[in-house]
1. Step by step: first the residues of the stretch 88-110, then only those that are of a type in the set (K, R) and surrounded by 13 or more Cβ atoms within 10 Å (Cβ to Cβ), then the one that is nearest to F67 (Cα to Cα). Which residue is that?
2. What is the number of the single condition among (1) part of a helix (DSSP H, G or I); (2) farther than 30 Å from P50 by Cα that F61 does not meet?
3. As an exercise: evaluate P53 against (1) open to solvent by less than 60 Å² (accessible area, probe 1.4 Å); (2) closer than 30 Å to D98 by Cβ and give the number of the one condition it does not meet.
Amino acid sequence: MKGARGKGAARNTAEALRPADDRKVGKRKALVDTSSIRKAKKERRAMKDPNKPKRPPSAFFVFLEEFRATFKKENPNVKAVSAVGKAAGEKWKSLSEDEKAPYEAKAAKRKADYEKQMNAYNRKQETTANGEESEKSKSEVNDEDDEASGEPDDEEEEEEEEDGDDD
C-alpha cells in the first residue's frame, strides 16, 4: 500500500519533516475591514424601485395563505413559522390535482394581473427615460441659455450697478 493515507498513516513529505514552527498551520489572516467591502457591494447592487409591482404568488403560496389561517385556529400554541411551512408542504403534497385546481386558477389570475401591471409600469419607465433631461438642473440650463444669448444674470446686473455707484 504505497499511496494509502489515512488518519494514522505517517507522512514522508517535506512538510511532515519540517518543524511545527515553520508550518502554516494555525496562522490567522490579518483582519480586513469588512465594512468597506460591504459598502462597495451595496453600491454595485441596483436600487429596487418601490413602484415596481411585486411578483405574483405561485399556486402553493395562494394555498399557504388560506392554510395558514386554518392551521393557526387548530394549533394556537404553535408559533414557529417552520412548523406551519412543513405542515402546509405535507398537506399540499397530499392534495389531488382536482383539489389544487382552484389555487392554480387563482394564481393564474394573479399572474395575468401582474403582467398587466408590469406592462403599464414598463411603459411608464420608457416614457420617463425618453423625456428625461440631462443631469443638470433646470437653473443650470437656464444660466447657460442666458450666457449664450448675452443677457446678464440678476447677479451680474447687481455687480454692474455696484461698480457704477463707485464712480
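The values are calculated or read from the model by the stated rules, or taken from the named source; none is laboratory data. Everything numeric here is computed off the predicted structure, so don't read it as measured data. Ideal geometry is used to build each Cβ from the backbone, glycine not excepted, and the neighbour counts take in all protein chains shown. Note: areas computed on protein heavy atoms with side chains; ligands, DNA, RNA excluded. Shrake-Rupley method; radii C 1.70, N 1.55, O 1.52, S 1.80 Å.
1. Taking the stretch 88-110 as the starting set, the residues that turn out to be of a type in the set (K, R) are 91, 93, 100, 106, 109-110.
The next check asks that each one be surrounded by 13 or more Cβ atoms within 10 Å (Cβ to Cβ); those that pass are 91, 100, 106, 110.
Details: K91: 9, K100: 13, K106: 15, R110: 18 Å.
Step by step, filter the stretch 88-110, then rank; the result is K91.
2. (2)
3. (2)
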